[in-house]
């Protein structure tokens with residue numbers, strides 16, 4: 001018996017189980033050919049479009065291998081980048097769990113590719129990734145190659161704000177950045193998620209519009225450079241997170257000259273392991289609260305004011321390096 005996907009007939013089924021790309025022609029499982037992976041990308045695009053338009057989620061039920069078209073009629077571009085899937089507002093992609101559900105992207109070691117693009121310049125975007133593995137190509141991409149698992153372009157108007165949420169996700173592979181939120185406003189949430197790999201684990205940019213970064217119970221590991229790179233205008237609350245095996249700073253709150261002071265800056269209850277080359281850099285505007293963290297290696301480098309309360313430091317070197325600002329600290 002063959003199963004034909006009919007959106008009108010399957011609306012109730014989709015509302016319960018989600019829209020499965022396999023019902024739109026995707027071939028599930030590992031070790032697919034390039035032709036099959038390209039066809040899987042088209043099936044995933046169809047699933048995303050229909051699910052978002054009808055208030056359903058996309059279901060990743062197993063391993064889905066995809067490849068980005070880089071030429072021909074199926075090419076989707078953002079500037080000089082080739083794009084896998086552009087996500088409309090209301091998109092939720094979810095799996096059963098990050099061990100059994102996976103989207104794996106190909107080809108390997110390529111430049112100027114974006115697997116999932118969230119473009120909010122003209123309209124609000126609310127997007128969620130839940131309970132699956134997002135696997136970039138396996139080769140560690142050099143810092144000169146720009147490949148992104150998720151690339152979010154924030155809203156350029158203060159009249160609306162975006163939300164991009166990761167929950168129960170596992171990001172792996174060799175992208176330049178596993179998650180990038182570019183300039184503009186919005187809220188970025190990483191909840192119970194693991195970022196493992198990439199030149200940078202996750203990036204968050206912004207300078208003149210309200211933007212918020214929240215991470216809770218999230219692990220940042222195996223990044224060649226910074227685990228998190230975030231601009232100093234962004235309000236953040238990072239709690240209960242782990243940073244380990246990081247090539248440079250675990251938390252790098254630095255960048256362009258900020259024009260808008262953050263509303264809050266909280267770094268609390270986190271663990272910076274001895275496998276991190278450096279510790280954290282605090283921002284230039286407002287006061288950051290650094291409280292009840294464990295620093296096994298690397299210092300707190302201050303570029304602005306900070307309250308440093310109840311932290312535990314071990315390893316060689318200074319615990320606090322005051323490059324600018326004022327420190328009110330209780331160890």
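The values are calculated or read from the model by the stated rules, or taken from the named source; none is laboratory data. These numbers were taken from a predicted model, which means no experiment stands behind them. Because the Cβ atoms are built from the backbone with ideal geometry, glycine has one as well, and the counts that use them run over all protein chains shown.
Worth a mention:
- Boolean, residue 206 is in a loop (DSSP other than H, G, I, E, B) and either over 12 Å from the mean Cα position of the chain (by Cα) or under 17 Å from residue 166 (Cα atoms) (or both): yes
- Hey, residue 29 at pLDDT 90 or above, surrounded by 14 or more Cβ atoms within 10 Å (Cβ to Cβ) and on the phi > 0 side of the Ramachandran plot or not: no
- On inspection, residue 283 passes the criterion of being in contact with a strand residue (DSSP E or B) (Cβ under 9 Å, 6 or more places away or on another chain) and closer than 24 Å to residue 183 by Cα.
- Members of the range 250-291 that are part of a loop (DSSP other than H, G, I, E, B) and under 18 Å from residue 240 (Cα atoms): 264, 269, 270, 273, 274, 275, 282
- Scanning the range 161-178 turns up at least one residue that is within 22 Å of residue 283 (Cα to Cα) and surrounded by 24 or more Cβ atoms within 10 Å (Cβ to Cβ).
- Enumeration of residues in the range 185-203 that are in a loop (DSSP other than H, G, I, E, B) and crowded, with 20+ Cβ neighbours inside 10 Å: 193, 198, 199
- Residue under evaluation residue 43, criteria (1) more than 21 Å from the chain's Cα centre (by Cα); (2) under 15 Å from residue 117 (Cα atoms); (3) assigned to a helix (DSSP H, G or I), criterion not met: (2)
- Residue selected from the range 244-265 under the condition over 20 Å from residue 197 (Cβ atoms) and crowded, with 16+ Cβ neighbours inside 10 Å, by the criterion modelled with the lowest pLDDT: 258
Here is a yes/no grid of residues against (1) modelled with pLDDT under 95; (2) under 30 Å from residue 122 (Cβ atoms); (3) touching a helix residue (DSSP H, G or I) at 6+ places or on another chain (Cβ under 9 Å):
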{"position": "1", "(1), (2), (3)": "yes, no, no"}
{"position": "8", "(1), (2), (3)": "yes, yes, no"}
{"position": "11", "(1), (2), (3)": "yes, yes, no"}
{"position": "54", "(1), (2), (3)": "yes, yes, yes"}
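- Residue list for the range 77-103, filter: exposed (fewer than 14 other Cβ atoms within 10 Å of the Cβ) and under 26 Å from residue 191 (Cα atoms): 96, 97, 99
Each row is one residue, and each column tells you yes or no for (1) modelled with pLDDT of 90 or more; (2) closer than 24 Å to residue 240 by Cβ; (3) in a loop (DSSP other than H, G, I, E, B).
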| site | (1), (2), (3) |
| --- | --- |
| 306 | no, yes, no |
| 316 | no, no, yes |
| 321 | no, no, no |
| 325 | no, no, yes |
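- Unmet requirement for residue 35, which otherwise passes all of (1) surrounded by fewer than 15 Cβ atoms within 10 Å (Cβ to Cβ); (2) not in a helix (DSSP H, G or I): (2)
- Output for the range 55-76, where each listed residue is surrounded by fewer than 14 Cβ atoms within 10 Å (Cβ to Cβ) and in contact (Cβ under 8 Å) with a residue 24 or more places away in the chain: 55, 74
- In the range 210-223, the qualifying residues are those that are at pLDDT 90 or above and in a loop (DSSP other than H, G, I, E, B), and the one that is surrounded by the fewest Cβ atoms within 10 Å (Cβ to Cβ) is 217.
- Of all residues in the range 104-133, those that are on the phi < 0 side of the Ramachandran plot and crowded, with 22+ Cβ neighbours inside 10 Å have Cβ atoms under 7 Å from Cβ atoms of residues that are at pLDDT below 80 and assigned to a strand (DSSP E or B), 6 or more apart or on another chain, in 120/155.
- Within the range 225-243, if we keep just the residues that are farther than 17 Å from residue 284 by Cα and surrounded by fewer than 19 Cβ atoms within 10 Å (Cβ to Cβ), the residue that is modelled with the lowest pLDDT turns out to be 225.
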